[in-house]
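Worksheet for the structure shown next.
No lab work stands behind these numbers, since they all come straight from the coordinates. Quantities reported herein were computed from a predicted structural model and do not represent experimental measurements. Because the Cβ atoms are built from the backbone with ideal geometry, glycine has one as well, and the counts that use them run over all protein chains shown.
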Amino acid sequence: MPTIHIPVLLKETIEVLIEGTGKTFIDCTVGTGGHALELLAQTPESVDLIGLDKDEESLKMAKERLQAFEKRIKLLKGGYENLKEILASIPHGPIAGFLFDLGMSSYQLDEPQRGFSFRNDGPLDMRFDVSQKLTAEELINSATQEQLLTLFKRLGEEKWSRRLSRVIVERRDKKHFHSTVELSDFIRRNIPRRAAHKTLARVFQALRISVNNELENLKSGLSQAFELLNIDGRIAVISYHSLEDRIAKNFFRGLKKQDLLVVINPRCARPSKSERMKNRRSRSARLRVIRKTADVTEEVMEKVMENLETILEADEENGD
Ligand SMILES: C[S@@+](CC[C@H](N)C(=O)[O-])C[C@H]1O[C@@H](n2cnc3c(N)ncnc32)[C@H](O)[C@@H]1O
């Protein structure tokens, strides 16, 4: 039985998202359909939903789960970094809201064959879209020591990055890494035992982000979503680590400075204690929601994105 993903910050997200003005909601990361189900249940028949995901297996599960709303949904395989192209190819109403629930689902994490978890033995894969060429195996066995160092430092914020990048390259030049447990056992042997769990989580996170180009895709997805959104429509972003949250926070700040949006929850919503106890994977979640107040020109969006890059680079240099 595949693990059922428990949607995070469900009530908090849906109650603000459905206030968006328009007719169509876009769930950019529909996964197994948890948030989508609640959104459809809480909106009138006249409202429809387009659900995107890169993962075909998740889409199959979402289709089954959302069967009762069959007439109101379209589920498509695709990446939110291609929102404009995807939405140009299908009929839809004015867009009332976009949801980005980032990262991976519990279903993906717990499926050993997907290679996301350092606990379950499986191939070093980590692709959301299994038709993509680059896998974690290819990355770890072909990146230079310098590239691995940057990756572990920047995307994992890992303090053992220097040592790990060196020993990984020494070992893989003799014998390639093929499986998740092969890599995690090797890492365990090369760092103090007390650091193992957190380091493994960070190294696996860094590899996943890199394999799926997650940070660049998020910037691109958010800017396209804002351009496509109806006035008074909403964007909700649920992030699970500081790199993602920093992008959402600073992107919205840039548009706010131009008077193009209102931030609905300036302090961002966090899961309650009871949600954290029931669903450990919700622990690090943060929800940010905005309401669009004016359209953006291409020129202004370019400026906002340039400023965003400058802020993110400065944060990185300051180690924030
Ligand atoms: C946390 S899960 C979403 C769970 C969903 N909200 C639910 O309630 O079932 C994140 C999903 O985003 C998908 N994903 C990751 N990057 C994506 C991208 N660039 N475009 C579309 N989907 C993506 C993953 O495959 C995964 O299914």
Which ³J(HN,Hα) values in Hz, rounded to whole numbers, follow from the phi angles of the stretch 198-207 under the Karplus curve 6.51 cos²θ - 1.76 cosθ + 1.60, where θ = phi - 60° and Gly and Pro get x?
5, 5, 4, 4, 6, 5, 5, 4, 4, 5
Among M126, M305, M277, the residue with the largest mean-square fluctuation in a Gaussian network model of the chain built from Cα contacts under 10 Å is M277
Segments 201-214, 56-69 sorted - mean Cβ within 10 Å per residue, highest first:
201-214, 56-69
Each residue of the stretch 143-158 in order: what ³J(HN,Hα) in whole Hz does its phi give by Karplus 6.51 cos²θ - 1.76 cosθ + 1.60, θ = phi - 60°, with x for Gly and Pro?
5, 6, 4, 4, 5, 5, 4, 4, 4, 5, 6, 6, 9, x, 6, 9
Helix 298-317 axis, angle to the chain major axis (alpha carbon atoms, nearest 10°):
30
Computed ³J(HN,Hα) along the stretch 273-278: with the Karplus parameters 6.51/-1.76/1.60, θ = phi - 60°, integer Hz and x for glycine or proline, the list is 4, 5, 5, 5, 6, 6
Which residues' amide hydrogens lie under 5 Å from the amide hydrogen of F98, considering only partners 5 or more residues apart or on another chain, with H built in the peptide plane?
I26, R234, I235, A236
Can you put C28, C268 in order, fewest other beta carbons within 10 Å first?
C268, C28
Taking Cα atoms, how many degrees apart are the long axis of helix 56-65 and the longest axis of the chain, rounded to 10 and kept between 0 and 90?
40
Neighbouring Cβ atoms within 10 Å as the yardstick, rank D259, D53 fewest first.
D259, D53
